[in-house]
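Inspection log for the structure reproduced underneath, given as structure tokens.
The values are calculated or read from the model by the stated rules, or taken from the named source; none is laboratory data. A quick note: this is a predicted structure, and the numbers were derived from the prediction, not measured. Positions of Cβ are backbone-derived with ideal geometry, glycine not excepted, and every protein chain shown enters the neighbour counts. Only protein heavy atoms, including side chains, enter the accessible area calculation; ligands, DNA and RNA are left aside. Shrake-Rupley method; radii C 1.70, N 1.55, O 1.52, S 1.80 Å.
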4 protein chains.
Amino acid sequence: MNFASDNWAGVSPKVAEALSEAAAGQAPAYGGDDWTGRATAAISETFGRDVEAFFVATGTAANALSLAAVSGPGAIGFCHSDAHIAIDEGGAPAFLGRGLTLTHITGPEGKITPDGLRDALSHYPDAAAWQRGRPSVVSLAQTTEAGTVYTPDEVAAIADIARDRSMAVHMDGARFANAVSHLGCAPADITWKAGVDLLSFGLTKNGAWCAEAIVVFDAAKAPHVAAHRKQAGHLFSKSRFVAAQMLAMLEGGHWLELAGKANAAASRLAAGIEASSRARLAWPCQSNEVFAHVETAMLERLQAAGAHLYPWSVRGAPDEEASAAHETRTRMIANFATTDAEIDAFLTALGQNDSSR
Amino acid sequence: MNFASDNWAGVSPKVAEALSEAAAGQAPAYGGDDWTGRATAAISETFGRDVEAFFVATGTAANALSLAAVSGPGAIGFCHSDAHIAIDEGGAPAFLGRGLTLTHITGPEGKITPDGLRDALSHYPDAAAWQRGRPSVVSLAQTTEAGTVYTPDEVAAIADIARDRSMAVHMDGARFANAVSHLGCAPADITWKAGVDLLSFGLTKNGAWCAEAIVVFDAAKAPHVAAHRKQAGHLFSKSRFVAAQMLAMLEGGHWLELAGKANAAASRLAAGIEASSRARLAWPCQSNEVFAHVETAMLERLQAAGAHLYPWSVRGAPDEEASAAHETRTRMIANFATTDAEIDAFLTALGQNDSSR
Amino acid sequence: MNFASDNWAGVSPKVAEALSEAAAGQAPAYGGDDWTGRATAAISETFGRDVEAFFVATGTAANALSLAAVSGPGAIGFCHSDAHIAIDEGGAPAFLGRGLTLTHITGPEGKITPDGLRDALSHYPDAAAWQRGRPSVVSLAQTTEAGTVYTPDEVAAIADIARDRSMAVHMDGARFANAVSHLGCAPADITWKAGVDLLSFGLTKNGAWCAEAIVVFDAAKAPHVAAHRKQAGHLFSKSRFVAAQMLAMLEGGHWLELAGKANAAASRLAAGIEASSRARLAWPCQSNEVFAHVETAMLERLQAAGAHLYPWSVRGAPDEEASAAHETRTRMIANFATTDAEIDAFLTALGQNDSSR
Amino acid sequence: MNFASDNWAGVSPKVAEALSEAAAGQAPAYGGDDWTGRATAAISETFGRDVEAFFVATGTAANALSLAAVSGPGAIGFCHSDAHIAIDEGGAPAFLGRGLTLTHITGPEGKITPDGLRDALSHYPDAAAWQRGRPSVVSLAQTTEAGTVYTPDEVAAIADIARDRSMAVHMDGARFANAVSHLGCAPADITWKAGVDLLSFGLTKNGAWCAEAIVVFDAAKAPHVAAHRKQAGHLFSKSRFVAAQMLAMLEGGHWLELAGKANAAASRLAAGIEASSRARLAWPCQSNEVFAHVETAMLERLQAAGAHLYPWSVRGAPDEEASAAHETRTRMIANFATTDAEIDAFLTALGQNDSSR
């Protein structure tokens, strides 16, 4: 009953195997090797377009360096008030972003809405840019921190507003695979075709050891990523160890297979919660994350029974998203290795406890 | 005949195996896992002292974050003019170091001498700190970029000078294993016992995929490493993937076994070069690196014959270290997988070409 | 009828005169001169305590360098959502603050409340510092951006909370003189006696050309200000030109005399607005700033009649502070040179336009 | 007998007067005022070309923000090893330059030579830019730190090399007026006509309180200066106080008149030293600075007699520039207010002491 986080899982056996296979032999360092070239080609194929891909160590680095890539002095970025970049990256956007300031936008279900973005931008008119800074980038998390997923139209609506202000659009894709799996669309549909300029393409949570890439769809817009990556200490010498993981994940759609499994597990969990009288979903389950208002006493009993799951605080949440006094908002995350048995045991505990009241 | 770099090698089979074994099962993320705890303990044991160890993605990050850890505003660092941090890290010390300025010191055989450091420091008296900045750290590469190795006494002599100016001492240990293997000393002898405060402990070049740690010997001197690592995007979520590599390397002295093999290969190569009339050693061979002045025409023939080795420029080298007009200074690096056959083939080519002239 | 900003005014004749008197003769550069020593002593006397004072070019620099002085890697600062540092300094806190992230707190009348600060801090528990960053400093604007003034007790209540979390307290005193004049207290009462560690002591808006200082009440808490000021390019060579202004302002309480005149002018303006049927005060007038909801049509007529005053947008304002549909929130600022005649002309225009409807 | 530095002088009476005249009346803040517009026009006229001019607080800020303006991630700047930016600005180029690394070039008489620059650049081939960083800017001090002056041809020769590598050319003009006065050329001749892209135009040492501007000759090359200046806290609110000084200096060539007086005083001093048996010029006197090897015993006697002058250390100086064992290299600086009497008294002391031995 471990729903703590998808980065608690190890790695898919296919990834482990691919890494072992890449272990022997000499190859140029710093990305000059064949694996890296092939992985970049596989990413391009995945997105239906020639892209630039820059491997980095973490999703935090991918996000912060992406934002930096489109942010000059005085730049202002925009993101949801609960976004990972806003609160969970220890100040990386400001530091790696060389002074980038993030402005937070509240919105229901973890999403930025067009109205929310327009309102936020209204405080940064071009005429005040000399003093307030210049809007440079909007960042969407896909999947969001609420476990919800932007539709292609929703992404495009945000991107249109950004374009009007000459801003770039970044997507934090730490759980990109889960969003694609949920939507059943092509990766291109929610990225460059919808107006996204840079993607933090994360396959670590999805089932790799360490496979994060900054994917740049229009190289002209972000000419300094390679130099900045090096200067931030994120250019791996043995680049093939990331590339081999990427290749294993993308080959034959393994990444979507893993995401599909995780999403299905979350759906099973969500369905059980909806059927429970002791918990209710906080937001629709659209990925591998389930958020529920759980009776606080029940949550404690579940934790005592060995379930790993965390309370979840939200900043600036609309009233309709608040927990009741006797409830606690709780996050549960499934991963590729989550079993039905694990979920059923959890739901039984939820029910048993229920009946034992 | 691939002597391009030790990071061209893949990984030791033991490392690959350990990683595969760590692949399954749930474990806390961000370093809260058992592997990370055990790896830190293994590092402490290796150094004969309780240390703090912070895994990061690259040696560049380990170096720059180490320097940053002991460098406030206006800090001045000191290093050899050919140090990796001085010229090969794309400005990481200045960027991750939040404005750190490095001052370069020339010195024979890739080493800083006490006189060299004293002379450099003479330009930064305390009375001028308000204007010139404050000396904060001296960084030694062990192994140096010339393939040479500081003795414990040499390290201590530098550290004594640093201590007199209230400076910290950092060691760039990208090839630390090779130095330890060469000296046959305990790791402690050339680090904290000789006055080193922070070590970039690199096992990647040594035979891992990605196993770099900032080792802090006196935690009180560097209280912000964890926060800075996070802010720089270097806190791995699946920390066990580095920890498992570290454990495989340190267990049973595997890291020194690998370094010993690489050093022996380099010695064989160096001996052959010394015996050749077409090349001569530039610096003594004390690690897995061999630097030689090779007749330029010969170098071209060797490269044409399939040998991978690079010309090597030096900044501020004393006259006695210069190549003659018809020579080119050349770097050759052995790694754990370098074979005697490979070396002999190279030496034969050196000889054959010689005789065929 | 110029109420655009207090930095639209020139300088007090006494300041101009003092500067002329300081023009001749040789004196050590970079703050080693007598004027600078005397000005620092005058600041110490003003605050009833030995302080360190660092002149810088602008209030923006004073604020950002103050915040930086108490903020290490991953630091989180807290301020009101309408604070100057939050929105009007072009990202200086993040840049000069070397990656500082600011968290915004809404609150009525431009003030942070203890509850607001506690709530904001609840999202940054110590246990999550490794990921979210560490609360390092809370910044209060005294006078606030709403023209209101914290009482000594209000400052102390905020500082108590900060102390509990080992945070520093910074005060943005761009209009510090106006607050002191309004409260009729000693400068010490709303600074170090109430728990403030660093003050951006601004006399430029008050009537100098350029007289801004970072005042550090407890030097041990901020040991790197001098070095950081130099590294940020804020150490004036001819320091006496700031010192002479400081001395002229502080001598005989000239700074409070000027602030008193500006405050009185604002009070006269506020009283007239309260008596008007076409405008109403948005917040109480406690300084030299007046904020009013003005009928939009009237505002346009006033501007057409030559009045300089600006619409004022607010982020995250509680409902009770919002303008009605036919109104515009407007800012009017008096300065030391504002005349009664100017105010009366404005109020007449407000009335005439009123009667002519 | 005060030859300590030209920033020990106060200000020219004309500057003081102009500032007093600008003291009264309201004017837009942050550079929207008439004075600032007129000063920018006067700078354009001075350089015979429409320029952008950005006032900042100090020469350090002007230099670092200029370098930053043309330096992206991984940028490498080049300067003389004794340049002010290299050693006397407390790390500002690295900090305000957002991670800029400076490479030092030695050269005789304080100047970079074309060969010196070519050699330094040879260590930064384009092919290694991914690792070593990309050469972005070369910075020349005009007047140099050795008091010498580049001819227009010398500047152009450096700029040609820079152009070949797509680098920008910056000029540190802290003593620009002295160079122009010495050469008798138009300001354009040693700036944009010779290939300079950005100039730190400093009039503070020349006789103002605080009058430093970043002058951008080709705005397209440096689009972010305004935003970066704001973010660094260098946008003055009462911009007219700099503008008024600029106008007073440029009007009727007052700046060159002052520089001419300072240069003439230095020439008188240099001539006296050349005639002395106890001191000899270290470098030719081409500005308001005189560098001499003075017998150490004599130097002490002069200082005891009340002369202000400083020993001067040089890094990486060629042998021919070294002092003899019994000598000390000494810097003497004249300013606009230096009197013949002061110089003659000094020279007499030099002679008297001589004869009295």
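What is the residue of chain B with the smallest Cβ distance to the axis taking B onto A, and what is that distance in whole Å?
Residue of B nearest the axis onto A, distance in Å: B:Ala57, 2.
Along the stretch C:147-153, what does the Karplus equation 6.51 cos²θ - 1.76 cosθ + 1.60 (θ = phi - 60°) give for ³J(HN,Hα), rounded to whole Hz, x for Gly and Pro?
After applying 6.51 cos²θ - 1.76 cosθ + 1.60, I find x, 8, 10, 6, 6, x, 5 Hz.
What does the charge count around A:Glu52 come to, taking other residues whose C-beta lies under 12 Å from its C-beta (Lys +1, Arg +1, Asp -1, Glu -1)? Show your work: numbers first, answer last.
Working: positive: A:Arg49, A:Lys221, A:Arg229; negative: A:Asp50, A:Asp197, A:Asp218.
Summing Lys and Arg as +1 and Asp and Glu as -1 gives 0.
Between copies, how far does the label point of C:Ala271 sit from its twins, in nm, shortest first, when each point is 7 Å from Cα along Cα→Cβ?
Those separations, rounded to one decimal, come out as 7.1, 7.5, 10.2 nm.
Could you name every residue in the stretch B:171-217 that has 30 Å² or more less accessible surface in the full protein assembly than in its own chain alone (probe 1.4 Å, ligands and nucleic acids excluded)?
Residues of the stretch B:171-217 that lose at least 30 Å² of accessible area once the other chains are added: B:Trp209.
Going 7 Å from Cα along the Cα-Cβ axis for the label, what nanometre distances separate A:Gly253 from the same residue across the other copies?
Counterpart label points of A:Gly253 in the remaining copies fall at 5.4, 8.1, 8.2 nm.
Just C:Ala297, C:Ala177, C:Ala42 to compare: in a GNM of chain C, with alpha carbon springs under 10 Å, which one fluctuates most?
Per the Cα network of chain C with a 10 Å cutoff, C:Ala297 tops the list.
Under 17 Å from the 7 Å Cα→Cβ point of A:Asp119, by amide nitrogen: which residues of the stretch A:278-317?
Flagged as within label range: A:315-317.
Can you tell me what the convex hull of the Cα atoms of the stretch A:221-288 projects to on average, as an area in nm²? Please list the in-between numbers first.
Numbers: hull surface 32.1 nm².
Mean projected area for the stretch A:221-288: 8.0 nm², to one decimal.
Taking chain D as a Gaussian network, Cα atoms linked when under 10 Å apart, which of D:Ser136, D:Ser277, D:Ser287 shows the biggest mean-square fluctuation?
In this elastic network of chain D, the residue with the biggest mean-square fluctuation among D:Ser136, D:Ser277, D:Ser287 is D:Ser277.
I need the fraction of alpha carbon pairs in the stretch D:160-252 separated by more than 19 Å, rounded to a whole percent.
Roughly 48 percent, once rounded to a whole number.
For the D and B pair, go ahead and give the buried accessible area with a 1.4 Å probe, both sides summed, in Å² to 100.
Details: alone 14730 and 14670 Å², together 27610 Å².
For D against B, buried area totals roughly 1800 Å².
Could you state the orientation-averaged shadow area of the convex hull built on the Cα atoms of the protein assembly as shown, in nm² to one decimal?
Details: hull surface 215.6 nm².
Averaged projected hull area, Cα only: 53.9 nm².
Roll a 1.4 Å probe over the protein heavy atoms and report the accessible area of A:Phe54 in Å², nearest 10.
20 Å²
Mind listing, in residue-number order, the residues in the stretch A:240-275 that have at least 40 Å² less accessible area with every protein chain present than in their own chain alone (1.4 Å probe)?
A:Phe241
In what sequence, largest accessible area first, do A:His123, C:His170 appear using a 1.4 Å probe?
Numbers: A:His123 25, C:His170 0 Å².
Ranked from most to least accessible, the order is A:His123, C:His170.
Compute, for the stretch B:216-357, the length of the dipole vector about the Cα centre, with Cβ point charges of +1 (Lys, Arg) and -1 (Asp, Glu) only. Units Debye, rounded to 20. Write down the numbers at each step before the final one.
Details: 14 positive and 15 negative charges, 148 e Å.
That gives a dipole near 720 debye.
Can you give the three extents of the C-alpha atoms in the stretch A:255-356 along their principal axes, from longest to shortest, in whole Å?
Largest first, the stretch A:255-356 extends 39, 35, 21 Å along its Cα principal axes.
Among A:Lys238/C:Lys221; A:Lys230/B:Lys111; A:Lys14/A:Lys230; A:Lys221/B:Lys205, which pairs are too far apart, with a Cα-Cα distance over 32 Å? Before the final figure, lay out each step's value.
On the way: A:Lys238/C:Lys221 43 Å; A:Lys230/B:Lys111 25 Å; A:Lys14/A:Lys230 29 Å; A:Lys221/B:Lys205 34 Å.
Over 32 Å Cα-Cα: A:Lys238/C:Lys221; A:Lys221/B:Lys205.
For chain B, modelled as a GNM with alpha-carbon contacts under 10 angstrom, which of B:Ala232, B:Ala127, B:Ala270 fluctuates the most?
Looking only at B:Ala232, B:Ala127, B:Ala270, the biggest GNM fluctuation is shown by B:Ala127.
In nm, give the distance between the simple-model label positions of D:Glu17 and C:Cys185, each being 7 Å from the Cα along the Cα-to-Cβ direction.
Label at D:Glu17, label at C:Cys185, 4.8 nm between them.
Choose one of B:Thr338, B:Gly351, B:Gln286: the residue whose Cα lies farthest towards the positive end of the charge dipole of the stretch B:255-356 (beta-carbon charges +1 Lys, Arg; -1 Asp, Glu; about the Cα centre).
Working it through, the farthest residue towards the positive pole turns out to be B:Thr338.
Skip the ligands, DNA and RNA, and give the accessible area per residue of chain A with a 1.4 Å probe, whole Å². Spell out each step's value before the answer.
Details: 11220 Å² over 357 residues.
Per-residue accessible area for chain A comes out at 31 Å².
Tell me whether the stretch C:1-85 comes out rounded, prolate or oblate; compute the Cα gyration tensor, take square roots of the eigenvalues as a ≥ b ≥ c, and use a/c under 1.5 as the rounded threshold. Write out the running numbers ahead of the final one.
On the way: a/c = 2.26, a/b = 1.29, b/c = 1.75.
Because a/c hits 1.5 or more and a/b fails to exceed b/c, the stretch C:1-85 counts as oblate.
Using θ = phi - 60° and the Karplus curve 6.51 cos²θ - 1.76 cosθ + 1.60, what whole-Hz ³J(HN,Hα) does each residue of the stretch D:258-269 get, with Gly and Pro shown as x?
Coupling constants for the stretch D:258-269: 5, 5, x, 5, 5, 5, 5, 5, 5, 4, 4, 5 Hz.
Taking a ≥ b ≥ c as the square roots of the Cα gyration tensor eigenvalues, with a/c under 1.5 meaning rounded and otherwise prolate when a/b beats b/c, else oblate, which class fits the stretch A:140-190?
Working: a/c = 2.24, a/b = 1.72, b/c = 1.30.
The shape class here is prolate.
Using unit Cβ charges (K, R positive; D, E negative) and no other charged atoms, how large, in debye to the nearest 20, is the dipole of chain D about its Cα centre?
With only Lys, Arg, Asp and Glu charged at Cβ, the dipole is about 720 debye.
With the solvent-accessible surface defined on protein heavy atoms using a 1.4 Å probe, which residues belonging to the stretch D:29-43 display a reduction of at least 30 Å² in accessible area in the multichain context relative to the isolated chain?
Relative to the lone chain, where solvent access is computed with a 1.4 Å probe, the stretch D:29-43 loses at least 30 Å² at D:Ala29, D:Tyr30.
Would you mind getting me the FRET efficiency between A:Asp126 and C:Arg163? Use the beta-carbon distance for r and R0 = 56 Å, nearest 0.05.
On the way: r = 42 Å, r/R0 = 0.75.
Result of the calculation: an efficiency of 0.85.
How large, in percent, is the carbon and sulfur part of the accessible surface of chain B at a probe radius of 1.4 Å? Could you put the intermediate results ahead of the total?
Numbers: 5670 of 11220 Å².
With neighbouring chains kept in place, the figure for chain B is 51 percent.
Return the ratio Rg/(2.2 N^0.38 Å) for the stretch D:13-252, where Rg is computed over Cα atoms only.
Working: Rg = 17.4 Å, N = 240, 2.2 N^0.38 = 17.7 Å.
In units of the 2.2 N^0.38 Å rule of thumb, it is 0.98.
Using the Karplus curve 6.51 cos²θ - 1.76 cosθ + 1.60 with θ = phi - 60°, what ³J(HN,Hα) values do you get for each residue of the stretch C:192-199, in whole Hz, with x for Gly and Pro?
5, 5, 9, x, 7, 9, 9, 10
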